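Asks: Structure in structure tokens, see below.
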Amino acid sequence: MNGSLTEILSIRSQADFDRAVDQAVSLLQQGQTVVLPTETVYGLAANAFSSAAVRRIFEIKRRPFSNPLIVHFTGQDMLDHCVRRWSPEAEQLGRAFWPGPLTLIALRSPHIPEVVTAGGDTVALRWPSHSFMQAVIQKCGFPLAAPSANLANRLSPTRAEHVKEQLDGTVPLIVDTGSAPVGIESTVVDLVSRPPALLRPGMISFPKLKTFVKNLEKSTATESSSVDRSPGRTTKHYAPRAKLIIGSWKDSCELEAFVRQFPYSRNAIGIVSYSVKCDPAGFAHCSLLPPEAENYASSLFSELHACDAAGSDLILVESPPPDAAWDGIRDRLTRASSTTGFELKDTERIDGRTRR
Ligand code: AMP
Ligand code: MG
């Protein structure tokens with residue numbers, strides 16, 4: 001529907017909610033794609049049992065057909081329809097973390113078309129906790145394939161405005177329920193590979209998962225693997241428009257010294273920090289995010305989008321703490337920063353800290 005109007009429905013009351021559910025369900029039943037809120041990021045959804053509907057997702061996102069989609073479902077019956085086998089490990093993780101921001105890879109049932117799984121024998125599954133997404137899936141009675149509602153390789157949307165910026169005119173409906181509470185994409189665990197592997201870190205951390213699956217490993221495959229089953233791990237992914245550089249600073253003087261190393265005028269620089277408040281004077285955008293991983297994650301993408309919207313050419317992001325709770329955040333920032341075009345090999349040079 002290129003060039004057509006996109007309706008944005010903002011949910012402020014139960015009546016709005018019910019009306020938007022009906023409208024989304026009706027469009028999905030007709031094989032259309034709609035943008036729906038989930039707890040992680042906004043998703044571009046279509047009937048996961050329909051090849052034609054799912055194909056539209058790839059076209060709209062300009063996503064390569066080699067990158068499989070996550071199937072969102074609710075309830076045991078729908079899950080049983082999507083998988084060929086459900087292992088005891090899957091059962092345990094599902095019980096512990098669903099509904100929620102966890103995606104499990106299992107063997108695909110014949111009901112799931114190949115376009116969803118990029119021709120593979122496995123399917124990625126998630127039972128989302130967002131009440132709107134749940135209501136739509138339940139009323140549809142079929143699961144929804146729903147990758148993030150952004151153009152391929154761009155930053156995921158955590159607010160309806162971010163979606164509108166990239167997909168306006170290409171989808172009939174965007175449902176707006178405000179900020180996505182988790183704020184980064186789900187944790188992805190492959191339970192088909194031996195040993196089971198964490199493919200994409202997220203806000204459900206590796207140590208938490210390990211308490212349920214003792215032999216879980218962090219995936220070591222890279223994008224050069226001949227069969228990369230999770231293209232979300234490619235080094236360039238989830239990127240803002242501006243170049244992004246990760247650095248560290250312990251006070252405003254160090255931040256100032258860090259900034260001065262880059263050949264950009266201040267009004268083309270965005271700063272994202274969590275320990276030092278920057279003086280916004282002259283910068284394109286300045287944000288001080290909360291220092292706890294969960295709260296930081298829920299605002300991060302919004303701040304990166306804001307840096308882009310403010311016209312930043314360069315975003316300087318304070319290096320996240322090393323603990324496991326920050327793994328998902330560190331992963332996204334690293335991918336967003338991987339093709340910055342800067343050769344900054346000397347860490348002391350990119351670190352604002354003075355030599356001691
Ligand atoms: P997104 O595009 O943000 O929805 O991310 C979906 C992620 O799930 C991508 O990294 C995909 O590569 C990954 N994924 C989906 N299906 C599979 C699968 N069958 N096996 C491994 N990873 C998958
Ligand atoms: Mg995505």
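Asks: Kindly provide the set of residues from segment 86-131 that are among the basic types (Lys, Arg), crowded, with 17+ Cβ neighbours inside 10 Å and within 15 Å of ILE204 (Cα to Cα), ordered by number.
Replies: Once the filter is applied, which keeps residues that are among the basic types (Lys, Arg), crowded, with 17+ Cβ neighbours inside 10 Å and within 15 Å of ILE204 (Cα to Cα), segment 86-131 yields only ARG126.
Asks: Another one. Could you tell me which numbered condition HIS72 fails, if it satisfies all but one of (1) within 15 Å of ligand 2 (Cβ to nearest atom); (2) open to solvent by 30 Å² or more (accessible area, probe 1.4 Å)?
Replies: (2)
Asks: Filter the helices (runs of 4 or more DSSP H) completely within segment 42-144 down to those with at least 1 residues that are modelled with pLDDT of 95 or more and among the acidic types (Asp, Glu).
Replies: Result: 51-61, 76-82, 88-97, 114-117.
Asks: Considering every residue within segment 185-195, establish whether at least one is under 17 Å from the mean Cα position of the chain (by Cα), open to solvent by 20 Å² or more (accessible area, probe 1.4 Å) and away from ligand 2 (no atom under 14 Å from the Cβ).
Replies: No, because not a single residue in segment 185-195 is under 17 Å from the mean Cα position of the chain (by Cα), open to solvent by 20 Å² or more (accessible area, probe 1.4 Å) and away from ligand 2 (no atom under 14 Å from the Cβ).
Asks: Now for a separate question. Inspect all residues belonging to segment 23-41 and state whether any of them is surrounded by fewer than 20 Cβ atoms within 10 Å (Cβ to Cβ), part of a strand (DSSP E or B) and polar (S, T, N, Q).
Replies: Checking segment 23-41: not a single residue is surrounded by fewer than 20 Cβ atoms within 10 Å (Cβ to Cβ), part of a strand (DSSP E or B) and polar (S, T, N, Q).
Asks: Could you say which residue among ARG126, ARG159 is of a type outside the set (Gly, Ala, Ser) and over 22 Å from GLN29 (Cα atoms)?
Replies: ARG159
Asks: Another one. Given the conditions (1) touching a Leu at 6+ places or on another chain (Cβ under 7 Å); (2) open to solvent by 10 Å² or more (accessible area, probe 1.4 Å), report the number of the one that VAL182 does not fulfil.
Replies: (1)
Asks: Among strands (runs of 3 or more DSSP E) lying entirely in segment 256-344, which contain 2 or more residues that are surrounded by 15 or more Cβ atoms within 10 Å (Cβ to Cβ) and out of contact with any His (no Cβ under 9 Å at 6 or more places or on another chain)?
Replies: 285-288, 314-318
Asks: When you scan segment 328-348, do you find a residue that is farther than 30 Å from LEU209 by Cα, of a type in the set (Gly, Ala, Ser), modelled with pLDDT of 95 or more and touching a strand residue (DSSP E or B) at 6+ places or on another chain (Cβ under 9 Å), even just one?
Replies: Checked against the condition, which is being farther than 30 Å from LEU209 by Cα, of a type in the set (Gly, Ala, Ser), modelled with pLDDT of 95 or more and touching a strand residue (DSSP E or B) at 6+ places or on another chain (Cβ under 9 Å), segment 328-348 yields no hits at all.
The values are calculated or read from the model by the stated rules, or taken from the named source; none is laboratory data. Since the structure is predicted, the reported quantities are computational estimates derived from the model, not experimental observations. All Cβ positions, glycine included, derive from the backbone under ideal geometry; neighbour counts span all protein chains shown. Remember, those area values only see protein heavy atoms, side chains included, never the ligands or the DNA or RNA. Shrake-Rupley method; radii C 1.70, N 1.55, O 1.52, S 1.80 Å.
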